[in-house]
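A short write-up of the structure that comes next.
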Amino acid sequence: MTGTYKSFRQSLLRGEVTCRSEVESYLGSVKSRGDLNAFLQIYDESLEAADRVDARVKEGKGGKLAGMVLGVKDVIAVKGKRLTCGSRILGDFVSVYDATVIDRLLKEDAVIIGKTNMDEFAMGSSTEYSAYGPVKNPSDTSRVPGGSSGGSAAAVAAGLCHVALGTDTGGSIRQPASFCGVIGLKPTYGRVSRYGLVAFASSFDVIGPFANSIYDAALVLEVIAGHDPLDSTSANVPVPSYTQLLERDPDSLKVGVAKETVSSGLSAEVRQAVERQLDILRSAGVEIKEVSVPHLEYSIPTYYVLATAEASSNLERYDGARYGHRSKDADELEDLYVHSRTEGFGPEVKRRIMLGTFVLSAGYYEAYYRKAQRVRRIIKEDFDKAFNTVDVIITPTAPTTAFKIGEKTSDPVQMYLSDIFTVSANLAGIPGISVPVGRDAGSMPIGVQLLGRQFEEETILNLGNFIEHSIGNMRETK
Ligand code: GLN
């Protein structure tokens with residue numbers, strides 16, 4: 001089992017190890033697993049940062065995350081560092097400030113070792129759309145790690161860092177967590193500040209952790225969650241001490257199974273893995289009920305109308321004039337825009353900009369964008385109703401285990417369908433977590449998704465913790 005921060009921390013506080021030795025060892029692993037292409041940049045000065053944390057730990061002043069070795073998806077700003085978003089258009093762009101999440105993690109003495117690879121602007125489900133080459137799944141390097149936070153998921157799964165940050169707009173934390181066999185937590189929309197996160201679809205985007213244990217994910221959430229005056233959409237809701245709420249007995253929880261999730265695209269092995277979990281929960285005294293989310297089947301088209309609309313507007317700023325790639329081949333302003341964007345963006349981003357511009361255009365706004373907004377509201381109401389009778393809804397995280405590199409790149413709709421179980425949580429703004437529950441016959445990880453009420457991350461973490469322990473040593477590194 002790959003190291004967790006919790007176990008490292010115990011050794012650190014006993015004086016058996018140092019942050020420097022931990023960071024050194026992780027940097028060594030990053031180098032030896034260069035084939036995964038999980039990291040885009042490595043920060044050599046993380047060793048000095050580790051020394052500073054060691055000094056503070058010695059004085060008894062180490063923070064809550066002292067020596068946590070952290071990877072950060074390259075869509076989150078770290079001051080003085082490149083912020084590429086997996087895109088050529090921002091290839092040389094350097095961030096002038098820290099994102100709020102980075103600020104909070106550093107204040108608690110986490111050590112950032114580098115930036116992880118991702119689908120360009122977080123658009124994708126396989127990390128094949130990175131301008132810097134695809135990431136490989138550590139369990140089988142001929143397969144994708146999922147996406148768009150594939151670099152972060154692969155890094156945590158392969159033991160290249162304790163924890164990594166990802167972002168989830170339609171499933172980009174949960175689906176790669178499931179494909180790589182790690183924990184992936186998408187908090188409630190607004191639970192974590194987006195200040196310093198490059199926007200894809202602003203009404204969906206949220207930052208969250210990948211970890212090798214529920215405890216580590218809960219600990220990181222505790223630090224990054226909470227209101228931020230720099231993000232007007234961050235919620236002013238008190239942050240509970242998630243780590244202290246993990247061990248409660250889940251037998252008072254009511255768990256729902258949405259009957260609509262038994263779709264034709266669901267693999268038999270994934271379905272069986274979810275059913276096994278339900279049996280385990282039943283025998284632990286958890287009440288399992290069937291619930292209905294009747295409009296679930298509309299979640300993919302609704303998401304892909306709204307997310308592309310928001311993306312087309314957010315990505316207008318990359319025009320070659322102010323920052324980012326500027327085409328050398330432009331005599332006039334119009335050419336500057338067209339050539340810089342043509343050269344700077346990859347094919348999936350261009351597809352999204354075109355789709356989004358289309359659904360927002362005068363003749364189609366009512367038919368697509370407005371309609372999708374109304375369906376979004378209906379899906380949210382479906383969940384509200386279901387959560388009147390249950391505390392948690394369980395679904396598979398993804399319909400299949402990790403697919404082969406190249407398998408879906410020529411068919412965007414097939415790629416979009418791998419988000420079938422995750423996007424509805426983003427439409428409704430509710431929290432979700434993917435927990436590894438086993439492997440298929442080909443030894444690829446399978447994850448289940450737990451969805452909760454808004455701002456009730458503690459409930460899904462609690463149930464996730466129970467599942468993690470009932471599975472025991474759920475994940476061996478290969
Ligand atoms: N796979 C989804 C998409 O391509 C979700 C991406 C994300 O959550 N960032 O839009």
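A short reminder: the numbers here are calculations on the coordinates, not readings from a lab. Remember, it's a predicted structure, so these values are computed and weren't measured experimentally. Neighbour counts are summed over all protein chains in view; Cβ atoms, including those assigned to glycine, are modelled from backbone coordinates with ideal geometry.
Quick look at the numbers
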quantity: Amide hydrogen neighbours beyond the local backbone of Ser130, cut-off 5 Å, H modeled; calculated: Glu120
quantity: Mean Cβ neighbour count within 10 Å, used as a protection proxy, ranking 408-419, 450-461, 91-102, 170-181 highest first; calculated: 170-181, 450-461, 91-102, 408-419
quantity: Estimated FRET transfer efficiency (Ala367, Tyr298; beta-carbon r; R0 25 Å; 0.05); calculated: 0.95
quantity: Interatomic Cα distance distribution for segment 327-478, bins of 5 angstrom, percent; calculated: 2, 7, 11, 13, 14, 13, 13, 10, 7, 5, 3, 1, 0
quantity: Alpha-carbon radius of gyration plus Dmax, which is the widest Cα pair, for the chain in Å; calculated: 21.1, 71
quantity: Where N is the number of residues in segment 1-114, Cα Rg divided by 2.2 N^0.38 Å; calculated: 1.10
quantity: J(HN,Hα) series, segment 289-305, from Karplus relation 6.51 cos²θ - 1.76 cosθ + 1.60, nearest Hz, glycine and proline x; calculated: 10, 7, 10, 10, 10, x, 9, 3, 5, 8, 5, 5, x, 4, 4, 6, 7
quantity: Residue-averaged [θ]222 nm for the chain, counting only DSSP H segments that reach four residues, each worth -39500 (n - 2.57); calculated: -11000 deg cm²/dmol
quantity: Spatially proximal aspartates and glutamates relative to Lys371 (Cα-Cα < 19 Å; intrachain offsets below 8 disregarded); calculated: Glu297, Glu310, Glu381, Asp382
quantity: Calculated diffusion of segment 106-228, Stokes-Einstein form, Kirkwood radius summed over Cα pairs, 25 °C and 0.890 mPa s, µm²/s; calculated: 174 µm²/s
quantity: Fewest-first sequence of Ser7, Ser234 by Cβ atoms within 10 Å of each Cβ; calculated: Ser7, Ser234
quantity: Nonlocal amide H pairs with Ala225, under 5 Å, H built at 1.01 Å; calculated: none
quantity: 18 Å Cα-Cα reach of Lys289 towards lysines, excluding residues that sit fewer than 8 places from it in its own chain; calculated: Lys254, Lys259, Lys385
quantity: Viscosity 1.306 mPa s, 10 °C: Kirkwood-radius Stokes-Einstein D of segment 1-66 over Cα pairs, µm²/s; calculated: 124 µm²/s
quantity: Greater than 31 Å apart at Cα, pairs in Lys115/Lys350; Lys6/Lys408; Lys107/Lys350; Lys31/Lys404; Lys79/Lys380; Lys64/Lys186; calculated: Lys6/Lys408; Lys107/Lys350; Lys79/Lys380
